[in-house]
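Encoded as structure tokens, the structure appears first; notes follow it.
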Amino acid sequence: MRFTSLIVELVRARPRLVAWMVTLLAAAIWLIVPLVLYSSPPGDLADVLAFGREYVLGTDLGPPLAFWLADVAFRLAGNHMIGVYLLSQLCFVLAFWTLFRLGQLIVGAQQSALAVVLTATIVAFGFPNVEFGPSVLAEPLWALVLLNTWRLIGQGRRDAWFAFSMNTGLLLLTTHAGFLLIGLVIAFALAVPRGRAALASFDPLFAVAVIVVMLCPYLIFLAQSNPGAASSLLAGLRDWQGLLTRWPQLVGGLVLALAGVAVLSIANSSRLSSDPEHAPVIYRPPVDPLGRQFVLFFALAPAVTATLVSAIFGLDDVIGGAGTVLLMSGLATILLAGDLIYLRRQRVLRVIWTWIIAAPVAFLFAVTIVDPWLGGNEVKTMMPAADIGAFFGDNYFRRTGTPLAAVAGDPELAALIGYSVSRRPHLLLDATPERTPWMTLSKFNETGGLVVWRAADTAGTPPDTLLKRFPGLVPEVPRSFSRYLNGRQPLLRIGWGIIRPRTTGSATQ
């Protein structure tokens, strides 16, 4: 007897509902997990907030849009991280819904819903998506660019030019990888007849004008910025031996992120089913040959070029983010499966999909809870950010009579204090002050601030490098903090000292 599950019937009858269910389920999981598990921001999120509060046109971390949005979300949530976590998941939802709309135009709604289900198993859309930044914001913007590119080239809709130009401008204001991705769009358009026909009008000129206007402030910033960062980046071009090592590692990371897609594809193979011809079928009409070329090109070209560029310039991660370059992988898998997709061993497929979705959550809990006991390693998200910010903000105010205006010293601790103190002081990276042009050493000594470091002894002796940069620094008694899960780690001991402001009178203790 043929068995058809409720999920299969929903895919056939309500594919839009299935796409929404999968997307919102994954978004809810990765909104709840950090709120329950994290006591301090993951990854570089504290730096993102520190840079975003300054609202500068650009930094060495790239274009400014993601940093500005992170600060806006943080402020709207009452200086709480839930705003930034929610922003990350809104980006995820927009990216997947746009992917469904694109797939709907090429392979139909039913198989597009299956593409969304497959794409949700890619690891890059799991816990790395919690760390909001340029790579997370680039995912929905790249999806919108691809959707409007297909409307222009595949459907010949001239009214999509304005949306394409806006999406492109926002993508270029988010990440430098946007220039690489838009270059691939232009290459595809020039390679196919319908693409060349779409470019043979005045519409692309107006689109270019809109993009240039949007980028103008950032382009001015790039023209006025220090060329030293660019020369150090170009130094990686000479490291060909490192290229041969890094590129396979980056490619291997992307392949590993696609393991869930591969496992589901193998589990659905006809060789593993005793009655393949009796499995329920998800049908689609024949695909436009240009649509096939479009999907396969943008499933492979961004991953290959991004990993090559990252390896050439010696980057540790894929430029643009793994989620961005792998966005079309699920749709490409569905496209290659054929016009008729048989869903064999439905119960097994449901169990495998559930475990793949749950695996990153289990891994995160294991790293966060088990690792401090077994390995004794410090887990960044277990730092008591609220306690640290409250202690140093209150002590600085009581000793000087003014709110904490700036913080320097250990970059990780300084960024943590910069976001957790209620008045949000400026961050100064004193070892590399060119990275924080809004606060110089001379200005820091003028306005006053807090200098922090990891104390190696009970006296709280500052490192020699800090004493050279802050000659009048007098260390206070170190403050010890208990992490929310210490395990086998010692207490977190923070040394600190105050640089009193010169422009205002200081209050006695």
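The values are calculated or read from the model by the stated rules, or taken from the named source; none is laboratory data. Bear in mind that the values here come from a model prediction, so they are computed numbers and not experimental data. When we count neighbours, we look across all protein chains shown, and the Cβ atoms used for this are built from the backbone with ideal geometry, even at glycine. Accessible surface is based on the protein model in full, side chains and every heavy atom, while ligands, DNA and RNA are left aside. Shrake-Rupley method; radii C 1.70, N 1.55, O 1.52, S 1.80 Å.
Summary table
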read-out: Span-rule helices in the chain, defined as complete DSSP H runs reaching 18 Å or more along the axis (Cα) with Kyte mean at least 1.6; value: 15-37, 82-106, 177-191, 203-224
read-out: 19 Å tail of the calculated P(r), segment 98-227, as % of Cα pairs; value: 56 percent
read-out: Average accessible surface area per residue within the chain, 1.4 Å rolling probe, Å²; value: 45 Å²
read-out: Share, in percent, of DSSP beta bridges within the chain that are antiparallel, nearest 5; value: 75 percent
read-out: Nearest-0.05 FRET efficiency for residue 200 and residue 481, computed from C-beta distance (R0 45 Å); value: 0.10
read-out: Kirkwood Rh in Å, taken over all unlike Cα pairs in the chain; value: 25.2 Å
read-out: Relative contact order (%) - criterion: Cα under 8 Å, at least six apart; region: the chain; value: 16 percent
read-out: Per-residue SASA entry for residue 176, accessible area with 1.4 Å probe, Å² rounded to 10; value: 90 Å²
read-out: Length-normalised contact order of segment 405-459 in % [C-alpha pairs under 8 Å, at least 6 apart]; value: 43 percent
read-out: Shape of segment 272-363, Cα gyration tensor, a/c cut at 1.5; value: oblate
read-out: Accessible-area value, residue 81, 1.4 Å probe, nucleic acids and ligands omitted, Å²; value: 20 Å²
read-out: Volume per residue of the C-alpha convex hull in segment 356-509, rounded to whole Å³; value: 132 Å³
read-out: Hull volume in cubic angstrom per residue (convex hull over the Cα atoms of segment 1-148); value: 125 Å³
read-out: Global form of segment 319-374, assessed from the alpha-carbon gyration tensor, a/c cut-off 1.5; value: oblate
read-out: Which of 443, 468, 380 is most accessible, then next, and so on - probe 1.4 Å; value: 468, 443, 380
read-out: Whether segment 49-109 is rounded, prolate or oblate, judged on the alpha carbon gyration tensor where a/c under 1.5 counts as rounded; value: oblate
read-out: Computed accessible area, residue 453, all protein chains, 1.4 angstrom probe, square angstrom; value: 10 Å²
read-out: With every protein chain in place, segment 376-422: carbon and sulfur % of accessible area (1.4 Å); value: 55 percent
read-out: Pairwise label distance in nanometres, residue 365 with residue 412, each label 7 Å out on the Cα-Cβ vector; value: 2.5 nm
